[in-house]
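A short write-up of the structure that comes next.
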Amino acid sequence: MRDNLAAALGWYELGLLPFPCYSSDTWVGDNLHLTKSPKTKRGFYDAFRSAEEIRSHWTESPDDLVGVWCQDKVVVLDIDKGSKDGFFSLEDNQVVPPETFSVTTQSGGEHKFYAHPRDFKLGPDTDLVLENGVVLTGVDRRAGNSYFIAWSDKVPKSLDALAAAPGWLCRGRGGPERVPYEGKLSDWIAALTDGAPSPKVIAAMGRIPQDDFDHSAMIRRQSELVLLGVSGEPGVPLALEALKDAWLRGQWDTPQYQLEWSAALAGAIAKFGGLEPQNKTLERQEQEHETKVLKRIEELRVEFDAETRLLAESFRGSQILTLDELHGRKEDYIVESLIPQDAIALLVAKSNMGKTFCYVDLVMSIIYERSWLGKETKRVKTLIVLGEGVHGFHDRLSAWADYWGEDLAIAREWLLFVDGANLNNRASREKIAETVKQFGAGLVILDTWSVTSGLPDENGSTPTSTTLQLLDESIGEASVLIIHHPSKVSESSTAPKARGTSALESRADTVMTLFADKKYHSTTTETKKWISLSTEVEHGGKNRNAPTETIQGMYLEAHDASAVFLRDLGGSIRKRSAIVQVHLNRRMTVKEFSAVIGKSESTARRALEEAVQEGVAIREDFEGASAPSVYSLSMKELVRRAS
């Protein structure tokens, strides 16, 4: 595992300044800070300048990523691996980077470190452009006022040991020729291409800082948008307005900063805002489009061939069955109707929803031969692969055993753990296979897929299918429960969708989702953060071998310095009945109850009638048209309260 403190000190000793960055997408108030973005207010300008500061920070926050300010000391060749394949771009254009110190990035890409040229300044660039105009998609440069993430705690012996940066890495920013502009600012804006923002402009808008930023950052973003305008990209005026709004946000909307904005924009346009002739722009755009189309066609052909071959390899063959044999094929379950034997199950839930406590409750119920959420279980040995560390896990098991009055020692025979795994690493895979076989595991749990799969990109269907095939070969006839995160878009909904490619869900026999259930109302009148588990499609679930369902009324309860996953046994009532349960504290008419709850009489009447139907209340009717009905709590509800 990478030692972030060692990485920060290592680069500091070489003369570069480190600073902390977010290790995951993090909400701070109303602002979302993306993974790898600086945690410091002014980014690398607030980098640490002493070993004491570095030790103090990473001792307290060891998981923070290490950002390193390049300055004029190093040039980093950043080769992406994922939706943009920089390795393919380099190979396809026969560009071979010189050998030098390098590290593998978290996504499977590579950082190559070169000595900064002494004779001129160099800044960052994305999708480098060769001298012949060819764009190296997914090949970026980090230098000058930019930074890189230290993905390894290894550093070069000295900066002098780094190879010289090749000429193609040190070329100026690609794109259109920078032509000065001598006209009016309003005329320049009017000459820009009309239309909605293009993908390039949208990407540039995404780089507008969400927090306060300095003058140099504003100039960089302005220059980028001016060059996009010169390139004929639509949507630049809208992007400039968005950048201006960000620059003048809140307390900074003053005459001084308004003047700085206007002066900087006028300077950028005067320096390189000369527009190409329209016919030249269109011709270049058509050529670029045709090149991209041909390249994309080839990529799709390769992807299709790879996927069809992969599916052919994983096909287990056809088997002829008689009608009697088909009737005899009844599914055996580890957990009735949820986890079949020799199957793949998926548990999808966002962080802090309680998914670990959920599967701990499931596993311990299997071991101690208890039903789980009303489902029968079959006792099997379970191997839990912990990709996110073992800290605190024993406390969760101990809390469960203490709450239910079970002897934790019994679990030793039935439960085993693997700390860390990478299914795309042969040695790791063989270790899991050997452990499953020797231990005789009937159930394997992977916590979580993103950490244990070893996939640099969860969106790739072919790599995901390959990894699942490798997993299937490793665990034999054991079932597997994969713990997975939902997509950002769906994680807070009642239908959390598994993150990444659909290949994972497609291969699974069962998909169970956990989500916050605000519609559940307990007959006990207790208020808790209720959780539901579902295999229904409308909640993001799936069940290939049994009817789909939603199980409601689960919650977490603190116990023994940890927590346990419990289910409300009282059952549920509808929302209106729950209102009656709380507020009907004496005999009342509809009009009186309406005044108590502050709702209309029609709403009060519907609530009271629902409560009568569900046995929470009773209604007394009197003879005579003028005598209103009177409602009171039922004897069943009064007895429940007394108990």
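The values are calculated or read from the model by the stated rules, or taken from the named source; none is laboratory data. All figures in this text were calculated on a predicted structure; none of them were measured in a lab. Neighbour counts are summed over all protein chains in view; Cβ atoms, including those assigned to glycine, are modelled from backbone coordinates with ideal geometry. Surface accessibility is based on the protein's heavy atoms, side chains included, excluding ligands, DNA and RNA. Shrake-Rupley method; radii C 1.70, N 1.55, O 1.52, S 1.80 Å.
Using C-alpha positions alone, give me the convex hull volume of the range 352-502 per residue in cubic angstrom. The partial results should precede the final answer.
Working: hull volume 18.8 nm³, N = 151.
Per-residue hull volume (Cα only) is 125 Å³.
Once phi is turned into ³J(HN,Hα) by the Karplus curve 6.51 cos²θ - 1.76 cosθ + 1.60 with θ = phi - 60°, what whole-Hz value does each residue of the range 544-549 show in order, with x for glycine and proline?
6, 10, 8, x, 6, 7
How much length would be gained if the chain were fully extended between D245 and Y257, taking 0.36 nm per residue of separation minus their Cα-Cα distance, in nm to one decimal?
That works out to 3.2 nm of additional length.
Take the solvent-accessible surface of the protein heavy atoms, probe 1.4 Å, and return the percent of it on the chain that carbon and sulfur atoms account for.
Working: 17400 of 34150 Å².
Percent of accessible area from carbon and sulfur atoms in the chain: 51.
Going by alpha carbons, how many degrees (0 to 90, nearest 10) lie between the helix axis of 601-613 and the longest principal axis of the chain?
60 degrees
If amide hydrogens are placed 1.01 Å from N in the peptide plane, which non-local residues have theirs closer than 5 Å to the one on R370?
Residues meeting the amide H criterion: none.
Using a ≥ b ≥ c from the Cα gyration tensor of the range 528-593 (square roots of the eigenvalues), is it rounded, prolate or oblate, where a/c under 1.5 gives rounded and otherwise the larger of a/b and b/c decides, a/b for prolate?
oblate
I need the shape label for the range 495-643. Rule: rounded when a/c is under 1.5, else prolate if a/b > b/c, else oblate, with a, b, c from the alpha carbon gyration tensor.
Prolate, since a/c reaches 1.5 and a/b exceeds b/c.
Using a 7 Å offset from Cα along Cα-Cβ at E388, what residues in the range 399-438 end up with backbone N under 19 Å from the label point?
399-400, 417-423
Roughly what would the spin-label model give for S632 and K375, points 7 Å off Cα along C-beta, in nm?
A separation of 4.6 nm, rounded to one decimal place.
Between helix 355-367 and the chain, what is the angle of the helix's C-alpha long axis to the longest principal axis, kept within 0 to 90° and rounded to the nearest 10?
Computed tilt is about 50 degrees.
Do any of K355/K528; K497/K518; K41/K529; K36/K488 go past 23 Å between their Cα atoms, and which?
Where the Cα-Cα span goes over 23 Å, the pairs concerned are K41/K529.
With each label point set 7 Å from Cα along the Cα-Cβ vector, what nm distance links A51 and A270?
For the pair A51/A270, the computed spacing is 4.9 nm.
If you take log10 I(q)/I(0) by the Debye sum over Cα atoms at q = 0.05, 0.07, 0.08, 0.11 Å⁻¹ from the coordinates, which of (1) -0.31, -0.61, -0.78, -1.26; (2) -0.26, -0.52, -0.68, -1.30; (3) -0.35, -0.65, -0.82, -1.22 do you get?
This structure yields the entry labelled (3).
Highest first, please rank the peptides 402-413, 228-239 by the mean number of other Cβ atoms sitting within 10 Å of their residues.
Highest to lowest by the protection proxy: 228-239, 402-413.
For the residue pair T40 and E592, what label-to-label distance in nm results when each label sits 7 Å from Cα along the Cα-to-beta-carbon direction?
Here the modelled spin labels are 6.9 nm apart.
What's the center-to-center distance, using Cα atoms, between the range 581-617 and the range 89-154 in Å?
So the separation of the two Cα centres works out to 69 Å.
Answer rounded, prolate or oblate for the range 601-643, using the Cα gyration tensor with square roots of eigenvalues a ≥ b ≥ c: rounded when a/c is under 1.5, else prolate when a/b is larger than b/c, else oblate.
Here the range 601-643 falls in the oblate category.
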